[in-house]
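K.L.:
Structure incoming, see below.
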Amino acid sequence: MPTAVDALQPWPDTVQWHPVSRKLITVELIGLAIWQGILVIGLGVGWLIGRQWGWLAGIAAVLLLGLWRATVAVRAVRAWGYAERDNDLLVRHGLVIRRLSIVPYARMQFVDVTAGPIERAFGLATVQLHTAAAASDAQVPGLPPEEAARLRDRLTALGEDRAEGL
Amino acid sequence: MTATETPGQPGQPGRHESAEGTGRQRLHPLSPLLHGAKSLFVIVAALSWQTLNQLGPVHFGIVVLVLAVGALIFSLISWWNTGYQVVARELRINEGLVWRRHRAIPLDRLQSVELRRPLLAQLTGLAELRLEVVGGSKTEAPLAYLSVREAAALRERLLDLSGRTPESAVAPSADPAAGTPGAAPLFSVRNRELLISQLLTPQAFLLPIGVAWVITQFVMEGSWTFIGIASTVTAMAGVLLQPIRRVLRDWSFRLARDPGGRLLLRYGLTETRSQVVPLHRVQAVRITWPFLWRLNGWLYLQLDVAGYDAPEHGNDTGSDRLLPVGDQHAARFLIGTVLPGVDLTTLATSPPPERVRWLHPIGLRFLGAGLYPDVLVTREGRVSREMTLVPYARLQSVRVTQGPLQRLLRLATVYADAAGGRSAVARDRDVAEAWALADELVRRARRARRVPPSSAPAADPPPAAPAEPGQPDDDPFWQRPARA
């Protein structure tokens, strides 16, 4: 837990981090499972045709990789967080490479709200903030629709008092 | 079309409203011919030497002719269907036959305007007008081609309309037909220096080796076929292309400043480019000291304007040069012009902590970052050194990242993103310092935004510089936290 300075907890006194919904873990796992299923089926068909042990080894490797990715996904979702300060939005994410983005509301060009099919089934959405700089990445996945709508409206309202984002 | 459908913007003088009634205009009638000629080159290049060998010259000629006629007809049709029109504060362009496209370009989003004249256009007295708009991943709306006079007039008009302050819309170019308003020359690069500088590139150094290798190859095999030689020459040209293209592109580089405080750049030999960049559109400046140029103490400057997509290394097609080659004095002068109040000679940066040596065994002292009253300065690069200046007022977002190795060493990297595609990167700072730096950047950016950033394109440095309270606390800020 936080030492003197934790990479994911800057300015701990002034910032209140919101976690993303835990349901995102399920969404990520389902997405992962689908890919795993496709790969395993493909390799299984190969095994049925070829009857070589290499195919089975492939399946084992895929499953192992899937297990590892699942643990990473679970932890990555927990690492994801956002915070709204008076003048900017903070988004942190990443496990191996940790990233924190600070995007001033005044720099916002537009806001995207997207939801994939699995996300929709679980009632989640992704809010993404775009600035004029292509490098800025402020993306908050796994928000319940009402929270996504609230965030979107707040962002646009805060961004509106400045017509020009440059 | 009349201007009545878009009543004048509030606060905008009605000077242009009457002129807005101009109907849809076509491009210059010669443009399909030029486009056709251009595609002829592409066709020949695409067919390559191999095809020539297979088909024989006569068939080859027929194929080229057929394709060229087709291209000409196609460009004729697209010319017929292309038109542009200035309506209120918008430039409207419609084009296309199969996929029709109507675009309205809001001129207050205009970042810079460039007038390009490729060789053929120079011979025929035509020019291409390219507009850079925010959000476009590539150059929006190249109007090719217009007559030079028309293009210059249109450029002036567009820039006038895009001006944020009413003064700039009224003052400088009362006579738009004049094309170039009374601009004060700032700087010019001598062609001799440009040539020498491009000879001092890795490509130019490697060329003799390549030539020697090819010649020995031929002597060994003893076959001197035309195709072989032609292919070799083409390959050689490919290698040499970059320096040559740079020389051609930056030939007789001249910089001036017009009464409105905008930067006028003009350069090129086979293709002349003349670019107008309002100073408040400059997003970042990068200074590069290439390895081989250090002999002469030379450097080059690049200018970031939003709308140019992120320039890649070695990609030379963009128009982002502020100075193709020059010495410290020239760079200092130009930086002082583009970013008023910034003095290159005083821009020192503080290096990252000593333990970064584990990540960068050599060249540690070329990494660094520094906060100045108006700009963030970062340096990196061992062989070819680079320095990036991002004004706080243009900062788009701040990012802090930390990889696994950095976590072990308690380091983090801070990115300051600007709209031009380049970010200033303060690599491998101490974690506590990185957070402080990010926080400070955000705070300074906010303050710089609040003070309208030199909004008047007046020649004077912005009032922000003296009022900036950041200077005194710079020193304590950069005192690194006591090491454990």
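The values are calculated or read from the model by the stated rules, or taken from the named source; none is laboratory data. Keep in mind it's a predicted model, so treat the numbers as computed, not measured. Reconstructed Cβ throughout: ideal geometry from the backbone, glycine too, with neighbour counts over all protein chains shown.
K.L.:
Kindly indicate whether A:Arg69 is within 17 Å of B:Ala438 (Cα to Cα) and either modelled with pLDDT of 90 or more or at the interface with another protein chain (Cβ under 10 Å from one of its Cβ atoms) (or both).
P.N.:
no
Yes/no per residue for (1) under 30 Å from B:Thr413 (Cα atoms); (2) among the aromatic types (Phe, Trp, Tyr); (3) loosely packed, with under 15 Cβ neighbours inside 10 Å:
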position: A:Leu39; (1), (2), (3): no, no, no
position: A:Gly42; (1), (2), (3): no, no, yes
position: A:Trp47; (1), (2), (3): no, yes, no
position: A:Ala79; (1), (2), (3): yes, no, no
position: A:Leu89; (1), (2), (3): yes, no, no
position: A:Val103; (1), (2), (3): yes, no, no
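K.L.:
Going through B:Gly14, B:Gly36, B:Gly83 one at a time, which residue ends up being within 34 Å of the chain's Cα centre (by Cα) and modelled with pLDDT under 80?
P.N.:
Answer to the selection: B:Gly14.
K.L.:
Looking only at residues that are facing chain A (nearest Cβ under 7 Å) and not in a strand (DSSP E or B) in the stretch B:409-438, which one is farthest from A:Ala135 (Cα to Cα)?
P.N.:
B:Ala432
K.L.:
Would you be able to tell me the number of residues in the stretch B:332-372 that are among the aliphatic types (A, V, I, L, M) and part of a loop (DSSP other than H, G, I, E, B)?
P.N.:
Residues meeting the conditions: 7.
K.L.:
Looking at (1) at pLDDT 85 or above; (2) surrounded by fewer than 17 Cβ atoms within 10 Å (Cβ to Cβ), find the lone condition where B:Arg100 falls short.
P.N.:
Result: B:Arg100 fails condition (1) only.
K.L.:
Which one of A:Val91, A:Val96, A:Val62 is assigned to a loop (DSSP other than H, G, I, E, B) and among the β-branched types (Val, Ile, Thr)?
P.N.:
One residue alone meets the criteria, A:Val96.
K.L.:
Could you check A:Pro141 against (1) within 12 Å of chain B (Cβ to nearest Cβ); (2) in a strand (DSSP E or B); (3) touching a residue at least 40 places away in the same chain (Cβ under 8 Å) and say which number it fails?
P.N.:
All conditions are met except number (1).
K.L.:
Based on this model, can you work out whether A:Leu100 counts as touching a Pro at 6+ places or on another chain (Cβ under 9 Å), closer than 17 Å to A:Arg85 by Cα and either within 10 Å of chain B (Cβ to nearest Cβ) or at pLDDT 85 or above (or both)? Spell out the reasoning first.
P.N.:
Working: touching a Pro at 6+ places or on another chain (Cβ under 9 Å): yes; closer than 17 Å to A:Arg85 by Cα: yes; either within 10 Å of chain B (Cβ to nearest Cβ) or at pLDDT 85 or above (or both): yes.
When the stated conditions are applied, A:Leu100 passes them.
K.L.:
Could you grab me the full set of residues in the stretch B:259-272 that are surrounded by 21 or more Cβ atoms within 10 Å (Cβ to Cβ) and charged (D, E, K, R)?
P.N.:
The answer is B:Arg262, and nothing else.
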